[in-house]
1. Which order do the peptides 192-203, 348-359, 431-442 take when ranked by the mean count of other beta-carbon atoms within 10 Å per residue, highest first?
2. Expected output is a single nm value to one decimal: the length gained when fully extending between Leu517 and Ile22, i.e. 0.36 nm times separation in residues minus the C-alpha distance. What is it?
3. Under a 1.4 Å probe, what is the accessible area of region 172-314 per residue, stated in Å²?
4. Give me the percent of accessible area attributable to carbon and sulfur for region 100-241, probe 1.4 angstrom.
5. Distance in nm between label sites at Ile431 and Leu538, each 7 Å beyond Cα in the beta-carbon direction?
6. Would you please give the residues with an amide H less than 5 Å from that of Leu396, counting only those at least 5 places away or on a separate chain, with H modeled from the backbone geometry?
7. Could you work out how far apart the two model spin labels at Ala365 and Met392 are, taking each label as a point 7 Å from the Cα in the direction of the beta carbon, and quote it in nm?
8. Kindly rank 51-62, 230-241, 524-535 from highest to lowest mean number of other beta carbons found within 10 Å of each residue.
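The values are calculated or read from the model by the stated rules, or taken from the named source; none is laboratory data. Keep in mind it's a predicted model, so treat the numbers as computed, not measured. We place every Cβ from the backbone using ideal geometry, glycine too, and count neighbours over all the protein chains shown. Surface accessibility is based on the protein's heavy atoms, side chains included, excluding ligands, DNA and RNA. Shrake-Rupley method; radii C 1.70, N 1.55, O 1.52, S 1.80 Å.
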Amino acid sequence: CRSSKSASWIFTSLPGLIVGVILRYGTPSTSGHDKPFSCSQEDRPFTTLLVNVSGKFFEYTLKGEISPGKIHNVEQNDMLRKVTFDPEVFFNILLPPIIFHAGYSLKKRHFFRNLGSILAYAFLGTAVSCFIIGNLMYGVVKLMKLVGQLSDKFYYTDCLLFGAIISATDPVTVLAIFNELHADVDLYALLFGESVLNDAVAIVLSSSIVAYQPTGENTHAFDAAAFFKSVGVFLGIFSGSFMMGAVTGVVTALISFFIKLHCFPLLETALFFLMSWSTFLLAEACGFTGVVAVLFCGITQAHYTYNNLSVESRSRTKQLFEVLHFLAENFIFSYMGLALFTFQKHIFSPIFIIGAFVAIFLGRAAHIYPLSFLLNLGRRHKISWSFQHMMMFSGLRGAMAFALAIRDTATYSHQMMFSTTLLIVFFTVWIVGGGTTPMLSWLNIRVGDHVPSVEEMSESHWLYFRVGVDPDQDPPPTNDSFQVLQGDGQDSARRNRTKQESAWLFRLWYSFDHNYLKPILTHSGPPLTTTLPSWCGLIARCLTSPQVYD
């Protein structure tokens, strides 16, 4: 155990060394203007200026624009800037624990059982919602220009960016009520899975729209080459972030598999946290999206690394990320209330705000109902109309939409988008979130009684319940949805039911994961000596954990 502790510190320092090398030698240096220029010829502010004064160079950083009416009230402007955070703080510090907790706390059984539907809602549905909202808002912008309510430029790409930002759903209030009332597990899985992947898609989609740069004089006209380049950017960033998160999760699983840290639960928990955080740093250093990488790292950690942790570390990691998630999300919502009054460049347009609410409603409807109809053609367990109405109602906007909107407020259009997003978040959380319980009753969606936690179930010899957000293990088959069965059950029968209930995409790799990856990366699963060919017996015995035989 002492040698394991020394080795763990070595592995802990490796992510920092790797990121430092990439940042120092892998990123190209940027240079500014090397000749004099006139500020009157520039249509945008520079974030950093390097001024040569008698051979001495001074660096100046942009604090922000001061409106002409407040130019003599610098002290108040300085006070407001002190309570205004850098938008990158949200992406680099507050969002990673929120997204990682979403992946780490994922209910794998119900998620994979609805994997095809979740992927359709998250990818295709978000893209449909983005383009419908973007095109409707472009019509609203044209109307504002016609009636003289538009005082500056507002391009089509800005409308699409607003569609991507506002398509990021965050039904945290609804899911909390679902968890408390123990609503149907499939409905919970559909909403939770969609919101988790939807955030990742919205982040990459907004980055792709920003990267859309047509060639020629008109930089906002449609250009096929620039369009396909943006699609390539989307696919490249998303797939790269996915691979980065999955690989980091596998590496952490291997470290926890081979290094015996169970003697030091605190050190084991710290190493788990640092390796998870390093995923974000590595992804950002490599040009990918760290938040997306952290999401898939959390899913991989929950699937593999969690099985290698000691009992104390399992409890500590769950509690640690649950606390970080709670604090970060509450801080963001607190800052929203602060920003509503301290942000100095709000632009509230009644026409734009009303048009945004209408566009969001129509975009959500086009997102849910047509996709549900197509999905039901191939689903064994159909998505009922009551579920579809509840999913339509639960399209709240929250921390992710706010963080995407506040990231860039330099132009007139982005300031209007930010102000409108802020109002939409408050309205959906307060009004829509507060109406969740009456909506469940009105739609006759059944809710259950108290469901014990995983720890309570283990202490009670695995009591399986059919209602509520239950653990990943499958309950025994029963015709009564509220029946309780006490006993261990057969592992093979549970695995077969999971495969039969899961989406076909999950069934393609389920056997491979159970027979080969789980025994290599964790202390669970069948021994490799029973799944690999006989001529691989030596390798199988070396890679299989002794605990598997036990």
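1. Result, highest mean Cβ count within 10 Å first: 192-203, 348-359, 431-442.
2. Residue separation times 0.36 nm, minus the Cα-Cα distance, leaves 175.2 nm.
3. That works out to 38 Å² per residue.
4. Looking at region 100-241 in its full context, I get 64 percent from C and S.
5. Placing both labels 7 Å beyond Cα along the Cβ direction yields 7.2 nm.
6. Asp170
7. Inter-label distance under the simple model: 0.7 nm.
8. 230-241, 524-535, 51-62
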